[in-house]
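As structure tokens, the structure follows; a few thoughts come after it.
The values are calculated or read from the model by the stated rules, or taken from the named source; none is laboratory data. Here the structure is a predicted model, which means the values were calculated and not measured. Virtual Cβ from ideal backbone geometry, glycine too; neighbours counted across all protein chains shown. Each accessible area value is taken on the protein alone, full model and side chains, heavy atoms only, with ligands, DNA and RNA left out. Shrake-Rupley method; radii C 1.70, N 1.55, O 1.52, S 1.80 Å.
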Amino acid sequence: RAIKEMVLNKWQRRWAIMKRDAKFCRQTTQMIDRVDDSYTKPLLKESSKTASRMIEFITGHCNLRYHCLNRGQVEDDKCRLCNMEFEFEDPEHLLWTCPRLNEMTIELFGYSRPEGLVPYYKLKAFVELPLVSRLMNYRP
């Protein structure tokens, strides 16, 4: 038990450093603010397809335009749903600022962005929304 706590504390300190230093795990640390097994336990129970989709969304390594632009697969990273100027299509935008998904976001998360950890089951419901799923299934 003491070893497990020591490892967890070390991991938590490392996570806090990555969260502070925006060049490491930027999107993941925005979604998951601390080391917590409330994401790993449900992920391990999912099918490989669902687990993969969730990990892609949480990390931002998916077929949303921001990541595709970084890989040189598309010409711009503008959101295909709202086409807003200065808003790139990434998980953060879809969850919190995309006007086309605003109603669904409010339904799932309420009127304000949750402090800390976004609940896994709510995030999963968001990723499974047809509009979001369609964007993530895009192949440039």
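Show me the ranking of peptides 37-49, 88-100 by mean Cβ neighbours inside 10 Å, starting with the highest.
Numbers: 37-49: 11.7, 88-100: 19.2.
Top of the packing list down: 88-100, 37-49.
With 0.36 nm allotted per residue and the present C-alpha distance subtracted, the Phe86-Thr50 stretch has 9.9 nm of extension available.
Filter the GluC sites (Glu not before Pro) in the range 95-131 to those in DSSP coil with at most 16 other Cβ atoms within 10 Å of their Cβ, and list the result. Here the GluC sites (Glu not before Pro) that fit, given the DSSP loop and packing criteria, are Glu115, Glu128.
Tally up the carbon and sulfur contribution to the accessible surface of the chain as a whole percent, 1.4 Å probe, everything protein left in place. Let's see the in-between values first.
Values: 4900 of 9020 Å².
That share works out to 54 percent.
Please give the net charge around Tyr138, taking every other residue with its beta carbon less than 10 angstrom from that of Tyr138, where Lys and Arg add +1 and Asp and Glu add -1. Show your work: numbers first, answer last.
Details: positive: Arg65, Arg80, Arg134, Arg139; negative: Glu89.
Result for the local shell: +3.
Within the chain, which DSSP H helices have Cα atoms that stretch 18 Å or more along the helix axis and a mean Kyte-Doolittle hydropathy of at least -1.0?
On the way: long enough: 2-20 (27 Å, -0.69).
Passing helices, by number: 2-20.
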